[in-house]
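Everything on this sheet refers to the single structure shown next.
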Amino acid sequence: MVSNRYDDAESYLLNFETELPDPDEASATHIGFYLAWALNNDLAAATFDAYRAPVGQRTLSGCALLWQQCDGKLTTQDLNERGNAFTQAYYAQRYVDDYRQVFAIDTLEDDAFCKVPNTWANYDRIAARLDERYRAWQAQRALPGKQALMQRLEAALLPLLEQNGFERYPYEFSQRDYEISVFRQQGAWGDHTIRLRAIDDRPNAYGIHMEGSSRLTVLAQAVYEDAVLDGARVSRELAGTSFYPLECWLGDWPVPLQPLPAQHLSGFIPLTDAVQIEPVIRWLERAMKARLLPLLRAVESLAGYEALYCTTPLSASRLYTHPLHPTLLLCAELTGNPRLIEMCDEIEQALRADPQTTRWPAYAIEDMRRHVRRVRARAARRHG
């Protein structure tokens, strides 16, 4: 059997000079604490069975055992199947950070890291953190895979979606980290889309995401025609005109939403235990019925869109996220909103924000500035 190494005390001996009386113990203390904890929690390999009693009775330290039986190295051969599964998910990613935090080590120097005394009192301190991480890992391990999670989500929400005229989009989307189901409702005014995501990127992310979007055809056509004036290469397929991230309609959700790295998503609902799944899905069902579906229905006309988005100020709208949407001004222009020029002023002021702070692309800022100038020019001609 090939043995893979998790940690090696000798590597710490090479990286610092110290006057500590026992460098071997200093370099192996943190690994020994982990080995002792694994043995006390039935996560060590069967070859360590003879040492359970002395470690449990605290007559043999994990550090001493590490040097006696493992030559200062913690490897896959030292743990059983469950022990390796947890250690692979946790040790390299979080153990050192947890160790520094528990013992208030505020420097990256190896000698400071290795000065934690090898005492049972200190073992108890780090063991409490390891117990916490292990319980969380066990709960996450019991969570269903992304496909099973999506099946449960669809089973609960599909009746409500179908009652409101939504049909499943005929294509399936599945990526390494999540499953996506898409549902659409079409009408003479345009269309609505609701996307469900079951996210499984354990141990980094696990949970549920749901968002809505709309395309009001008359407004989408105006956006297309305005963009063409710049000579830009614009897709003939009309873009969406409204987006409803989870944050704007979920309601008084008690747990902070979690951002998903490298994805252009709003926050998603994190799940850490299988017992959370059904209550979360029921909450989503109620929120979709009480808030998301009414939002979708409200933007099936220019007047409805204007009421939701063209507020005073624009940022007063719960749907306003940034000033780079030409739909805002075009809707006000099409409806003859008397605040059109004030809205232009407000957007131009927002565009002067520091790009490093906002992270808006420079080309998008310039496109929006040109759009504002065109809207102003058309307004001047109408009133000239």
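Which one is farthest from the chain's Cα centre (by Cα), of the residues in region 63-81 that are part of a loop (DSSP other than H, G, I, E, B) and surrounded by fewer than 19 Cβ atoms within 10 Å (Cβ to Cβ)? Here the answer is ASP71.
Residues of region 98-120 that are at pLDDT 80 or above, of a type in the set (A, V, I, L, M, F, W, C) and part of a loop (DSSP other than H, G, I, E, B): PHE103, ALA104, ILE105, CYS114, VAL116. In region 241-261, what residues are touching a residue at least 40 places away in the same chain (Cβ under 8 Å), in a loop (DSSP other than H, G, I, E, B) and surrounded by fewer than 18 Cβ atoms within 10 Å (Cβ to Cβ)? Residues satisfying the conditions are GLY251, PRO261.
From the set of residues in region 356-370 that are surrounded by 12 or more Cβ atoms within 10 Å (Cβ to Cβ) and assigned to a helix (DSSP H, G or I), which is farthest from the chain's Cα centre (by Cα)? Step through it out loud before you land on a result.
Here is the first cut: in region 356-370, the ones surrounded by 12 or more Cβ atoms within 10 Å (Cβ to Cβ) are 358, 360, 364-370.
Still in the running and assigned to a helix (DSSP H, G or I): 358, 364-370.
Details: THR358: 19, ALA364: 25, ILE365: 27, GLU366: 30, ASP367: 30, MET368: 29, ARG369: 32, ARG370: 34 Å.
Checking each candidate, the answer is ARG370.
Looking at region 53-62, which of its residues are assigned to a helix (DSSP H, G or I) and over 14 Å from TYR34 (Cα atoms)?
ALA53, PRO54
Among residues of region 84-111 that are in contact (Cβ under 8 Å) with a residue 60 or more places away in the chain and assigned by TED's automatic domain parsing to the domain that holds GLU132, those with a Cβ under 8 angstrom from a residue that is of a type in the set (Asp, Glu) and not in a helix (DSSP H, G or I), sequence gap 6+ or separate chain, pair up as TYR91/ASP7; ASP111/GLU17. Filtering region 121-147 to residues that are modelled with pLDDT of 90 or more and of a type in the set (Lys, Arg) leaves ARG125, ARG129, ARG133, ARG135, LYS146. Scanning region 296-347 for residues that are within 26 Å of ALA362 (Cβ to Cβ), free of Cβ contacts under 8 Å to residues at least 40 places away in the same chain and among the polar types (S, T, N, Q) turns up SER315, SER317. On inspection, ARG378 fails the criterion of being under 14 Å from PRO323 (Cβ atoms) and exposed (fewer than 15 other Cβ atoms within 10 Å of the Cβ). Counting only residues that are farther than 25 Å from PRO294 by Cα, touching a strand residue (DSSP E or B) at 6+ places or on another chain (Cβ under 9 Å) and among the small types (Gly, Ala, Ser), region 135-169 holds 2 of them.
The values are calculated or read from the model by the stated rules, or taken from the named source; none is laboratory data. Note that the structure is a prediction, hence the values are computed from the model and not measured. Using ideal geometry, Cβ is built from the backbone for each residue, glycine included, and neighbour counts are taken over all protein chains shown.
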